[in-house]
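As C-alpha cells, the structure follows; a few thoughts come after it.
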Amino acid sequence: MAQHETMMHRRAMMMAGAAMVVGACSRSSSPLTSTPLAAPALPPGKLSSVPAVARGDSGPKTFSTVEPSLLRKALASLDRHGDRIKARDRIAIVDFSASSSDMRMHFLDVADGKASRLLVAHGSGSDPRHTGFVERFSNAFNSNASSEGAFLTQDYYVGKHGRSQRLVGLDPTNSNALARAVVIHSAWYANEDMIRTHGKLGRSQGCFAVGENKLDDVFSFLGKGRMIFAART
C-alpha cells in the first residue's frame, strides 16, 4: 500500500509539472536541449486554411485578406531587410489588431498572388486580462509578451513543445526573439475548437502558437529564410 501511494504521488507530481509548462515559451528551446529536424514538403496546391482573393491584374498585387496599411508596412519591411531575407516569394503577416478568434495569420504567395490564413495565439503578457486582443508588445525577457516587427524563419527542431521553428527578430522591437525562444509551435489552446468553447484562443508566452493540425502547413509554406511580419494596424 505504501509503495502504491508513493507511485501515485510521483505520478501526480509529474502531471502537475507538465501542467505548469503548457503554453510556455522559454529557453528550453535552446540548441542544447533540442533535436534538429527537416522541414516537411509542401504538397502541390496545399495552402492552409481559408483561401482568399488575391490578384491585381494591373499594377501591384493586392491581398484582400490583409488590411492595406498593414500590407504596406510588411512589404516595406521586406524591402528594408532584403539583405537578410533571401527567399522573398512567400511571406506571412500577423495582424495583431484582430482578435485571437479571427484567422489573423495571413500567408501570401507574392509570386502568384494567392493567399490563405489561419488562427494564431499571442502572448499572455500582451493580453493580461485575456480579452482575446493584444494590448501591448514587448521585447523584454520574462515579459511573456508577443513582439512586433519582422522575423526571419530559421531551423526546425524538437523541443519543449514538440516540433518547432526558431525565429530571428530583425528589428529593435523584436531583437531578443531568438534568445527569448520566441518560436513557431503548435498547441492545443490554438485549435479551432477553442473558439467554439471560449470565443478566443488561449495564450502563449510570446510564441506564434498555431493549431495542432496546422503546423505542417505553416512549416512547409514558410520554410527557412522567409519573413513573418507581426504588427497592429
Problem set entry | Selection from the range 185-224 of residues that are touching a Gly at 6+ places or on another chain (Cβ under 7 Å) and among the polar types (S, T, N, Q) | Ser186, Asn191, Ser204, Gln205
For this session: Being open to solvent by less than 40 Å² (accessible area, probe 1.4 Å), over 15 Å from the mean Cα position of the chain (by Cα) and in contact (Cβ under 8 Å) with a residue 40 or more places away in the chain is the filter here, so list the residues in the range 80-104 that pass it.
Result: His81, Ile85, Ala87
Exercise. Tally time: how many residues in the range 111-125 are open to solvent by 10 Å² or more (accessible area, probe 1.4 Å), aliphatic (A, V, I, L, M) and part of a strand (DSSP E or B)?
Worked result: 0
Seminar exercise, completed: Counted residues in the range 202-233 being open to solvent by 60 Å² or more (accessible area, probe 1.4 Å), basic (Lys, Arg) and within 16 Å of Leu119 (Cβ to Cβ) come to 1
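Restricting the search to the range 135-161, which residues are assigned to a loop (DSSP other than H, G, I, E, B), open to solvent by 10 Å² or more (accessible area, probe 1.4 Å) and either in contact (Cβ under 8 Å) with a residue 12 or more places away in the chain or closer than 27 Å to Lys224 by Cα (or both)?
Quick first cut of the range 135-161, residues assigned to a loop (DSSP other than H, G, I, E, B) only: 135-148, 160-161.
Applying the additional criterion that residues be open to solvent by 10 Å² or more (accessible area, probe 1.4 Å) yields 135-144, 148, 160-161.
Matches in the range 135-161: Phe137, Ser138, Asn139, Ala140, Phe141, Asn142, Ser143, Asn144, Glu148, Lys160, His161.
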Exercise. Between residues in the range 64-76 that are open to solvent by 50 Å² or more (accessible area, probe 1.4 Å) and residues that are at pLDDT below 95 and among the aliphatic types (A, V, I, L, M), which pairs lie under 7 Å by C-beta distance while being six or more apart or on different chains?
Worked result: Ser64/Ala52; Ser64/Val53; Ser64/Ala54
Exercise. Just checking, how many residues over the range 182-201 are farther than 15 Å from Lys224 by Cα, open to solvent by less than 10 Å² (accessible area, probe 1.4 Å) and either touching a Cys at 6+ places or on another chain (Cβ under 7 Å) or basic (Lys, Arg) (or both)?
Worked result: 1
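The values are calculated or read from the model by the stated rules, or taken from the named source; none is laboratory data. Note that the coordinates shown come from a computational prediction; the quantities given were computed from them, not determined experimentally. Because the Cβ atoms are built from the backbone with ideal geometry, glycine has one as well, and the counts that use them run over all protein chains shown. What goes into the accessible areas is simple: the full protein's heavy atoms, side chains included, and nothing from ligands, DNA or RNA. Shrake-Rupley method; radii C 1.70, N 1.55, O 1.52, S 1.80 Å.
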